[in-house]
Structure formats: C-alpha cells, structure tokens
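Asks: First the structure, which I've put down as structure tokens, then a few questions once you've had a look.
The values are calculated or read from the model by the stated rules, or taken from the named source; none is laboratory data. Just so we're clear, the structure is a prediction, and the values are computed from it rather than from any experiment. As a convention, Cβ positions derive from the backbone with ideal geometry for all residues, glycine included, and neighbour counts pool all protein chains shown.
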Amino acid sequence: MTGFFQSEFFHNYKRSSSAIIGSALMAFFAFAVLAGPFLVAQDPYDIAALNLMDSYKPPMWLEGGDPRFPLGTDGQGRDVWASILYGARISVFIGLVAMIASCTLGTLLGLIAGFYGGIADAIIMRIADIQLSFPSILIALFLMSAVGTGIDKVLIALTAVGWVVYARTVRGSTLSEIEKEYVQAAKVAGLSNRKIIRKHVLPNVLTPLIVIATIQVGTFVLIEASLSFLGVGVPITQPSLGLLIKNGFDVLFSGLWWTSVFPGVAIMTLVFGINLFGDFLRDELNPRLK
Amino acid sequence: MTRQIKSKPLLAVQDLHTHFHTFAGTVKAVNGVSFEVGAGEVMGLVGESGGGKSVVGFSILGLIDSPGKIEGGQILLDGQDLVSAGENRLRQVRGREISMVFQDPMTSLNPLHTVGRQMDEVLCLHSDLDAAARKQACIDMLESVGISRAEERLKAYPHQFSGGMRQRVVIAIAMLARPRLIIADEPTTALDVTIQSQILKLMRQQIADKGASMILITHDLAVVSEMADHITVLYCGNVVERGKTRELIETPTHPYTRGLIDSIPDTAERHDRLKQIPGSVPDIRNLPKGCNFKDRCPRAQALCAEREPTLTAQHGSLWAACHFPLKPGELA
Amino acid sequence: MTLTPDPMLEVRDLEMHFPIGGGLLDRLKLDSGGLRLENPIVRAVNGVSFSIGRGEIMALVGESGCGKSTVAKTIARIYKPTVGEIHVDGEDIAGHGFAEMLPVRAKMQMIFQDPYASLNPRQKVRDIVAEPLLEQAKTAADRKAVPDQIEKLLARVGLNAEHAGRYPHQFSGGQRQRIGIARALSVTPGLIVADEPVSALDVSIQAQILNLMKDLRDEFGLAYLFISHDLSVVHHIADRVGVMYLGFMVENAPRDVLFSRPRHPYTRALLSAAPSIKPKRSSEEIVLSGEVPSALDLPEGCCFRTRCPFAWDRCARERPALQDVGDGQTVACHLTDEPERDRP
C-alpha cells in the first residue's frame with residue numbers, strides 16, 4: 001500500500017482539486033448510503049413513525065421550521081433529510097448494480113464480437129448501432145412501459161441501455177489487442193481461444209472501462225431519476241431521489257419548494273462528484289494525454 | 001569524402017544540458033554534449049536508444065517542450081546563441097536556416113493538405129517569390145528529389161505516396177528554403193534497404209548541390225560511415241568519442257565505440273561468435289558515479305568509478321572521454 | 001532444389017491469401033451503372049517451397065511486404081494456409097485443427113519481433129515462460145515440475161530466478177527478448193520460427209541475442225527459420241538463405257554461395273544496397289529504381305520485372321520457376337536460360 005501513496009497516480013490526485021472534490025462528494029454519499037439509517041431518528045417509510053401534524057414544515061432556518069427536520073418535511077410529515085438519505089441508497093444501489101450488469105454483459109459481447117468477428121460481430125454491432133440511434137431515455141421508457149415498474153425492471157432497462165458503450169469499447173480494444181504478438185504467442189503456446197480471451201485479451205481491455213463505468217453510475221442515477229419522475233420507475237414504497245422530486249414537484253408551485261429542491265440538489269451533487277472524479281480518471285488513465 | 005572544413009564552424013554546440021523533469025525523477029537526456037559542424041560538412045550523431053541523440057536535434061531547433069528544459073550550454077549558429085534566443089528568432093531559424101527530416105515522414109507531413117500546399121507554405125514563409133514562381137520552385141524541387149510528373153503530384157495528398165516517395169517529399173520540403181543546416185533524425189530507419197540506399201544517395205547529392213551541412217542522427221553505424229565526414233558517439237547523454245569517420249570506424253579509441261563496431265555482424269568477415277558488449281544501458285534517471293560505461297567496460301579500473309572522464313584523450317583526429325583509451329588497433 | 005533427408009521442416013507450394021475490405025457494405029461498389037461486390041485479395045505468399053534440416057538455420061530475407069513474416073506465421077499456424085503443405089517432423093500440419101496442433105506445438109515454437117508487444121504486460125515472467133509448458137503438461141507431476149524448469153530456463157537465457165516474479169515492463173528490450181526465447185525453449189522444440197528476433201534491438205544487444213541463439217542451436221540441435229531484413233545478421237547466423245520478393249521465393253542457396261555468387265538480380269541489388277562500415281567495393285552495383293508493386297495486383301510474368309534492370313519481353317509473358325543451378329543454389333530468373341542478357 002505504501003507503493004500506492006508514492007505512485008504518480010496518487011501524486012497527481014493530490015494536486016487535482018477536481019479529483020479531491022469529486023472523491024470527497026462520492027465519499028460523502030457512500031457514507032450517507034451506508035450509515036444513513038443511523039444518522040436520522042425517523043424511518044421515513046415507517047408509517048407509524050410519521051405524524052401528519054408535522055406535514056409541510058419548512059427547513060429549520062425559516063420561520064415555522066423545526067430543528068427535528070433540518071430540511072423540512074413533506075405532506076405526510078416525512079423528514080426530507082431522512083428521505084434523501086434513504087432515497088440516495090436506492091439511487092446509488094440502482095446505479096451501481098446496473099453499471100456492473102451493463103459492464104459484464106457489454107464486455108462479454110464486445111469480446112465475442114472483437115475476437116471472433118464474422119457473423120457474431122455483425123449481429124452484435126448492428127444491434128448496438130440501432131440502439132445508439134435512439135436516446136437512451138426513450139429506450140428505457142419503452143422497456144419500462146412494456147415490462148412494468150419495479151426496481152428489478154429499472155435494472156433490466158438500464159442494463160439494456162448501458163451495455164452498448166462497453167461492447168463498442170471492448171470490441172475496439174480487442175481488435176487492437178489480438179493483433180499484438182503476445183496473443184499470437186499464446187496461440188503458438190497452444191492455448192484455446194477461450195483461454196486466450198480470458199488470460200490475455202480480457203485483462204488488457206479493462207483499463208478504459210474504469211472511466212466509462214465511473215461516469216455511467218452518474219448517468220444511470222439520472223436516467224433512473226427521470227424514469228421515476230415520469231412515473232415508470234421505482235415503486236412509491238421504495239422512493240429514489242427521482243421519485244422524491246416528483247412527489248415534491250406537485251406542490252412546488254404552492255411555495256413548498258423544499259420537498260423537491262433538496263432531493264434535486266442531492267442528485268446534482270452526487271452526479272457532479274462522480275463526473276469530476278471520472279474526468280480525473282480519464283486524464284490519468286489515457287496514455288495519449290500524458 | 002573528407003572536405004576542407006572552414007575555420008569557423010557553422011554550428012557549435014557547447015556543453016549542452018537538456019533535462020526532463022518527470023515524476024519518476026530527472027532524466028538527464030543530454031548531459032554536457034559539445035560538437036561542431038563546419039559548413040558543407042556532414043556530422044554523424046551515433047548512439048543506441050537512450051543515448052540522447054534525438055534530444056540534441058530537438059534542442060538545436062528549440063523544440064524541447066515541458067517537462068523538458070535546456071538547463072545549460074550554448075548552441076551557436078554562426079556565433080549567435082540559439083538557447084537564449086527568443087521564439088521569434090527561433091521561428092526564423094527553423095525552416096529557413098535549419099530544417100529537419102524525421103524518421104516517420106507521416107508525422108512531418110500534414111495528412112489533410114496536398115503536398116503542393118505544404119511546400120507552398122514553406123516558400124510563403126521564407127521567400128518573397130510570387131505565386132507562379134513559388135509553384136515553379138516546388139516543381140523543380142520535387143523533380144530534383146526524383147519525383148516524376150511533379151506538377152501533377154503537387155495536387156496529391158501524403159497518403160497517396162509510398163513510404164520512400166513520402167520521405168523524398170519531406171526532403172524536398174526540408175531543402176526548399178535552402179537551409180544551411182539539415183538535421184536528419186533516423187531518416188531511413190523506417191525504409192527498406194533498397195529504398196534506403198536511394199534516399200541516402202539523394203540526401204548526399206542534395207547536400208553537395210546546395211552546399212548545406214547536415215547532422216545525421218542514427219543508430220546505424222554502417223549508414224553513418226557511408227555518409228558522414230565526422231562522427232560523434234553518444235552514450236547516456238554524453239559524448240564518448242568523436243573524430244573523422246574513417247579513423248573512428250577503423251581505429252576507435254573508446255572501448256564503447258570499439259564494442260559497438262565489433263558487435264556489427266559484417267558480411268565481409270565471418271566470426272563464429274559476435275563480440276558483444278555485456279549488460280545493458282544503465283537507467284538514465286539514475287546514472288552511476290564516475291564513467292557511465294564502466295559497468296560494461298572490459299578496461300574499467302578503480303579510477304573509472306570515481307571520476308567521470310572528459311573528452312581529453314586525443315589520438316589523431318579522435319577525442320575520447322576515457323581514462324584508459326585504446327591504442328589504435330588495440331582490441332578492447 | 002536439394003532435398004534434405006528427413007527434414008525438420010518441409011514446406012511445399014505454400015500460398016497465403018488474405019481477403020480484405022471488411023463487411024458487405026464496404027465491398028459493394030457502384031460500377032458503370034451496376035452494383036458489384038468486390039472481393040479484393042492480398043496475395044501475401046504465392047507458392048513457396050523449402051526445407052530445413054535438423055539443427056539447420058534457414059533465413060528468409062526480403063523487404064517489407066515480401067511475405068516473409070506471413071510465411072513464418074503460417075508455418076507456426078497462427079494463420080491457416082490457403083494452399084500448400086507444411087511438414088513438421090514428417091507430419092503435414094497444414095490442415096490441422098486446434099487439438100491436432102497441440103502436440104505439434106511441443107516440436108515447434110516461435111520467437112517474435114517486438115520485445116514489447118510479444119509479452120503480455122499483465123503477466124509475470126514466470127507465467128509467461130510457463131505458458132507453453134502448462135499446455136503440454138498432462139499429469140499433476142508434470143505441472144509440479146514446471147517451476148524448477150522455469151528457473152533452469154531463465155538461467156539458460158541469462159536471467160535469474162529473482163526475475164521470475166517481475167513484470168515485462170521492468171526489463172530492457174534485450175532482456176525481454178531473452179524471456180521470449182525462454183518461453184519458446186520451454187517445451188524443448190526441434191524447430192524455432194524466429195520472426196525478426198533482433199531487428200528491434202540496439203546493435204550491442206543484438207549481438208548478445210544472436211550469440212545466445214547460436215549457442216542454443218549448438219546445445220539443443222535446434223533448427224531455426226530465421227526471418228530478417230538485415231543481410232549482415234543473416235550472413236552471420238544462417239546456413240542457408242532464401243530471398244523473397246512479393247510473396248515468391250526468387251533465390252535459395254547456402255549462405256556462402258548466396259553472398260559470394262548471388263544470381264537473381266534482386267538478390268544482387270539487395271546485397272549492393274546494404275550499407276556497410278567497410279569502404280564500398282564499387283564493383284558490381286545494381287541500383288533499383290521504383291518501389292515494390294502492391295500485393296493486391298501482382299504483375300503478370302516475373303514479379304520483379306517492374307524494377308529489374310534486365311527485364312525483357314519474356315519476363316512479362318512467363319513467370320520464371322526456381323531452377324537448380326548447382327551448389328545447392330536455386331534461382332527463379334530467365335537470366336539462367338539466357339545469361340547473355342546479363343548486361344544492364
């Protein structure tokens with residue numbers, strides 16, 4: 001580990017304010033997601049803990065605010081701050097799981113397309129091309145309306161949208177890796193195609209995926225929020241940040257702005273942090289910029 | 001091949017230091033290099049990878065970018081220092097007085113512009129000819145480097161030429177402003193041997209015709225021995241030996257030069273084993289104390305680990321940086 | 001052509017053609033009012049035959065695009081040959097599938113050109129060297145013996161046991177090439193196909209590797225197919241030299257015969273173009289003009305006629321075949337029949 005702290009990567013990290021801000025924001029959300037339930041007194045989804053008397057309390061620094069609810073409450077007396085912490089759990093969970101699923105599926109298809117070429121390549125890449133010609137939110141919306149709502153359905157929709165970028169990247173790097181002599185050497189050593197893919201090609205095409213995967217978590221959080229906002233995302237019993245915005249949006253123009261603005265700020269900060277860090281990673285891992 | 005060298009050199013590099021400050025440490029790519037190039041003379045700059053020979057070429061043209069920096073020394077063109085000169089003066093020098101030919105012709109040609117336009121640009125910058133005269137000059141130049149149907153080829157893009165033809169175009173562009181010095185960095189390394197001999201012949205003839213000087217940077221002793229009047233051998237950013245070509249090739253006095261020459265397989269003689277220099281080039285971020293070559297040198301003694309040799313051992317035209325130089329003809 | 005009795009490698013009429021042009025849409029051409037499906041083919045190797053005896057070093061020389069590397073990679077069965085026979089130790093492997101090739105891999109290994117690209121950057125040296133061995137290992141005992149064998153192999157090529165745990169980027173070019181040699185040597189093959197093994201190395205390191213390869217030949221009775229563009233290297237290491245041009249073998253002769261009495265105009269041009277540190281003997285110098293034609297569109301008749309200073313009408317009509325001219329030398333040139341035309 002001492003090696004890491006002396007590495008060029010860490011050295012540059014220390015000097016990049018965007019990397020530090022980005023990772024600090026990400027660390028904050030990681031902490032909120034993991035420790036959220038222990039930070040707030042109220043479980044916002046325990047009906048018994050709610051009190052309608054507390055409904056639509058403004059943030060604590062405004063007149064009529066209540067120090068128990070620092071960011072105010074919604075129509076059912078739910079603490080907005082607690083809702084955000086719980087909602088971020090769901091948003092981040094969906095973003096991460098969908099990213100892992102997309103990455104796995106896309107990498108696999110990209111390896112097959114790049115290594116074997118021919119028909120498999122043609123089919124996979126044409127599907128990818130068609131898919132890229134539609135906005136991803138449209139595809140997700142279409143899928144959601146076909147399969148119904150629910151966290152699992154959101155995950156499926158996001159994976160169906162997200163694999164393409166990995167498949168294209170991996171296919172490209174695979175094509176350049178299999179031209180390299182060490183892959184030919186593995187052939188001469190007698191390795192089967194599968195072994196060559198697993199031992200030689202796969203480890204060498206992963207680096208560019210780190211950046212894509214990081215940024216994609218942010219993108220997925222946004223797509224999921226849009227889906228939920230449009231009412232085809234997560235169920236009302238498991239509200240993500242996007243659903244919180246939607247719930248608050250109905251009363252936004254009645255002057256009760258805090259119920260949707262604060263979840264909105266939370267999404268913005270989360271995605272901003274992810275993108276800042278992703279940009280730093282891209283600069284660091286891209287040998288061409290060095 | 002030896003021509004008379006005028007008393008005042010065209011270019012004098014004096015104690016040049018070019019360092020690169022990277023995260024992993026300071027790379028002293030050029031560390032006290034001095035040599036001179038007379039008018040009309042071909043100077044061969046020879047060394048293995050990591051010797052610093054290309055960095056010398058870039059330093060002369062003022063093309064060292066961060067994290068690299070010229071830390072010391074002088075580069076005198078006609079007695080005028082280029083290291084302390086401003087960017088304006090350097091722009092004047094580049095192309096007009098000194099031009100460069102690179103190893104890979106694709107990197108020095110713009111793929112988006114026709115050859116004619118790229119040639120015309122040089123003339124626009126460095127001459128006051130009118131458009132018709134410039135075009136004629138371009139056609140003449142292309143013809144003189146052996147490109148037929150020159151007028152037609154002016155309209156072609158670089159990718160429409162083969163590798164050898166592209167290098168001819170690069171040479172044509174380099175010669176266009178009639179520079180007094182050409183720096184050729186591995187100009188034939190990417191080319192096949194029959195094309196290489198065509199290009200070398202062309203460069204020799206162009207230089208002789210136009211009375212220019214040349215610094216030929218290469219790893220290939222055979223190429224340099226056919227082209228150069230003088231040779232400077234670099235090792236780890238230092239000059240280890242320099243002198244007249246035939247003398248240096250036939251009776252080198254530095255053990256490294258000797259080792260390099262002996263390790264070339266030659267078609268004329270046959271040995272069962274090649275003489276080899278043991279070990280490999282030391283890490284230039286972390287050079288040993290004393291002589292850089294001592295760990296690979298069969299003649300190394302205690303003194304070599306203590307004091308870095310300077311270019312003081314003289315024999316004939318040869319100057320070697322060695323505490324224990326070879327006598328002419330002596331084997332290492 | 002002299003046939004070596006019981007050769008380690010015998011190649012007969014090897015042809016290797018690569019289709020290019022990508023997918024259907026790329027190849028569809030609009031041509032004089034009609035759509036046409038183009039099928040461009042690069043004819044990289046066009047009927048090459050030669051054989052290598054046990055312990056013999058055969059070199060293939062030629063300029064880029066002459067097909068010498070393709071011959072090497074086809075023999076090593078990285079590519080599947082279009083036409084022809086490849087006999088390794090008496091067995092024709094030209095049509096072998098993956099499973100049939102596995103035992104052949106123990107007899108034939110390969111050393112690559114680029115010491116940087118030929119080692120997987122994410123594998124440790126011990127895993128790189130062990131790779132062919134592990135594929136051949138049949139029992140657990142075989143596999144258990146591998147670490148010991150690797151240590152011996154590394155020692156043999158001039159590296160030590162401590163190097164086994166490092167990654168390729170921690171080595172210099174010459175050391176990496178040693179790792180590649182250890183990998184090829186691991187299964188004790190009888191034939192090593194070496195594709196430009198020293199052309200990426202500095203001259204002082206090149207000498208080390210050439211000496212090592214020669215020592216290994218003497219020690220293990222290895223046969224090499226040695227691909228190179230550098231005539232001085234070939235002169236140093238080879239017993240027999242084949243000269244290739246545009247996918248054809250134009251001359252094949254024992255080294256000393258080839259270097260003292262080259263017969264094909266192309267060989268003669270190559271020899272006179274090679275730079276040397278010795279002052280030039282200005283005797284016979286054939287200077288070639290022009291460049292190699294495209295392998296997409298081979299010239300009719302003799303492949304070399306477009307650059308040959310001697311070419312006459314027969315060369316455009318008739319493709320010359322390799323003819324035995326004595327001393328184990330074979331040449332594909334019409335000058336053999338009409339020597340009086342040998343005047344530029």
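Asks: In this structure, does C:Val11 turn out to be modelled with pLDDT of 95 or more, of a type in the set (Val, Ile, Thr) and in contact with an Asp or Glu (Cβ under 8 Å, 6 or more places away or on another chain)?
Replies: yes
Asks: For A:Gly255, all conditions in the list (1) at pLDDT below 90; (2) over 26 Å from A:Ile156 (Cβ atoms); (3) in contact with a helix residue (DSSP H, G or I) (Cβ under 8 Å, 6 or more places away or on another chain) hold save one; what is the number of the exception?
Replies: (3)
Asks: Cβ-Cβ distance below 8 Å, separation of 6 or more or different chains: which pairs start in the range A:1-24 with a residue that is in contact (Cβ under 8 Å) with a residue 60 or more places away in the chain and more than 10 Å from A:Phe277 (Cα to Cα) and end on one that is of a type in the set (A, V, I, L, M) and outside any helix (DSSP H, G or I)?
Replies: none
Asks: Pull out all pairs, ordered by first then second residue, where Cβ-Cβ is under 6 Å, the residues are six or more apart or on different chains, the first lies in the range A:160-187 and is within 11 Å of A:Thr107 (Cβ to Cβ), and the second is crowded, with 23+ Cβ neighbours inside 10 Å and of a type in the set (Phe, Trp, Tyr).
Replies: Short answer, once both residue conditions are applied: none.
Asks: Right, another one. For the range C:240-282, what are the residues that are over 23 Å from C:Val45 (Cα atoms), assigned to a loop (DSSP other than H, G, I, E, B) and within 13 Å of chain B (Cβ to nearest Cβ)?
Replies: Result: C:Ala274, C:Pro275, C:Ser276, C:Ile277, C:Lys278, C:Pro279, C:Lys280, C:Arg281, C:Ser282.
Asks: Of all residues in the range C:245-269, how many are in contact (Cβ under 8 Å) with a residue 60 or more places away in the chain and closer than 16 Å to C:Thr306 by Cβ?
Replies: 7
Asks: List the helices (runs of 4 or more DSSP H) inside the range A:181-290, counting only whole elements, that have at least 1 residues being within 17 Å of the chain's Cα centre (by Cα).
Replies: The qualifying helices (runs of 4 or more DSSP H) are A:207-229, A:241-249, A:258-285.
Asks: Taking helices (runs of 4 or more DSSP H) that fall entirely within the range C:72-177, which contain at least 3 residues that are surrounded by 21 or more Cβ atoms within 10 Å (Cβ to Cβ), touching a helix residue (DSSP H, G or I) at 6+ places or on another chain (Cβ under 6 Å) and within 12 Å of another protein chain (Cβ to nearest Cβ)? Walk me through how you get there before you give the answer.
Replies: Details: elements: C:98-105, C:125-136, C:140-156.
Counting at least 3 such residues, we get C:125-136.
Asks: Further question on the same structure: Among (1) part of a loop (DSSP other than H, G, I, E, B); (2) farther than 30 Å from C:Phe259 by Cα, where does B:Leu303 come up short?
Replies: B:Leu303 satisfies all of (1) part of a loop (DSSP other than H, G, I, E, B); (2) farther than 30 Å from C:Phe259 by Cα except (1).
Asks: Restricting attention to the range A:1-55, and to residues there that are at pLDDT below 80 and either buried (at least 18 other Cβ atoms within 10 Å of the Cβ) or within 19 Å of the chain's Cα centre (by Cα) (or both), which single residue is farthest from the other protein chains (Cβ to nearest Cβ)?
Replies: A:Asp54
Asks: Here's something else I'd like to know. Pick from the range B:312-323 the residues that are part of a loop (DSSP other than H, G, I, E, B) and crowded, with 18+ Cβ neighbours inside 10 Å: which of them is farthest from the chain's Cα centre (by Cα)?
Replies: B:His323
Asks: Further question: Restricting to strands (runs of 3 or more DSSP E) lying wholly in the range B:151-252: which have 2 or more residues that are within 15 Å of the chain's Cα centre (by Cα) and within 14 Å of chain C (Cβ to nearest Cβ)?
Replies: Of the strands (runs of 3 or more DSSP E) lying wholly inside the range B:151-252, those with at least 2 residues that are within 15 Å of the chain's Cα centre (by Cα) and within 14 Å of chain C (Cβ to nearest Cβ) span B:213-218, B:230-235.
Asks: Among residues belonging to the range C:123-158 that are of a type in the set (Gly, Ala, Ser) and farther than 24 Å from A:Asn193 by Cβ, point out the one that is nearest to the chain's Cα centre (by Cα).
Replies: Step by step, filter the range C:123-158, then rank; the result is C:Gly158.
Asks: Can you name the residue in the range A:127-141 that is part of a helix (DSSP H, G or I) and within 20 Å of the chain's Cα centre (by Cα) and, of all such residues, is surrounded by the fewest Cβ atoms within 10 Å (Cβ to Cβ)?
Replies: A:Leu138
Asks: Could you pull out the residue among B:Val115, B:Val83, B:Val93 that is among the β-branched types (Val, Ile, Thr), away from chain C (no Cβ under 14 Å) and farther than 30 Å from B:Thr18 by Cα?
Replies: When all the criteria are applied, what remains is B:Val115.
Asks: In the range C:55-71, how many residues are of a type in the set (Val, Ile, Thr) and away from chain B (no Cβ under 14 Å)?
Replies: 2
Asks: Out of B:Val122, B:Val93, I need the residue that is under 21 Å from the mean Cα position of the chain (by Cα), part of a helix (DSSP H, G or I) and of a type in the set (A, V, I, L, M). Which one?
Replies: Numbers: B:Val122 fails: under 21 Å from the mean Cα position of the chain (by Cα).
Just a single option satisfies the conditions, and that option is B:Val93.
Asks: While we're looking at this one, here's another question. Mind listing whichever residues of the range B:141-191 are out of contact with any helix residue (DSSP H, G or I) (no Cβ under 8 Å at 6 or more places or on another chain), without any contact (Cβ under 8 Å) to a residue 12 or more places away in the chain, among the charged types (D, E, K, R) and at negative phi?
Replies: The one that is out of contact with any helix residue (DSSP H, G or I) (no Cβ under 8 Å at 6 or more places or on another chain), without any contact (Cβ under 8 Å) to a residue 12 or more places away in the chain, among the charged types (D, E, K, R) and at negative phi: B:Glu152.
Asks: Okay, moving on. So how many residues does the range B:185-204 have that are hydroxyl-bearing (Ser, Thr, Tyr), farther than 13 Å from B:Glu226 by Cβ and surrounded by 23 or more Cβ atoms within 10 Å (Cβ to Cβ)? Write out each step before concluding.
Replies: Initial filter on the range B:185-204 (hydroxyl-bearing (Ser, Thr, Tyr)): B:188-189, B:194, B:197.
Subset that is farther than 13 Å from B:Glu226 by Cβ: B:189, B:194.
From the residues that got through so far, the ones that are surrounded by 23 or more Cβ atoms within 10 Å (Cβ to Cβ) too are B:194.
So the answer is 1.
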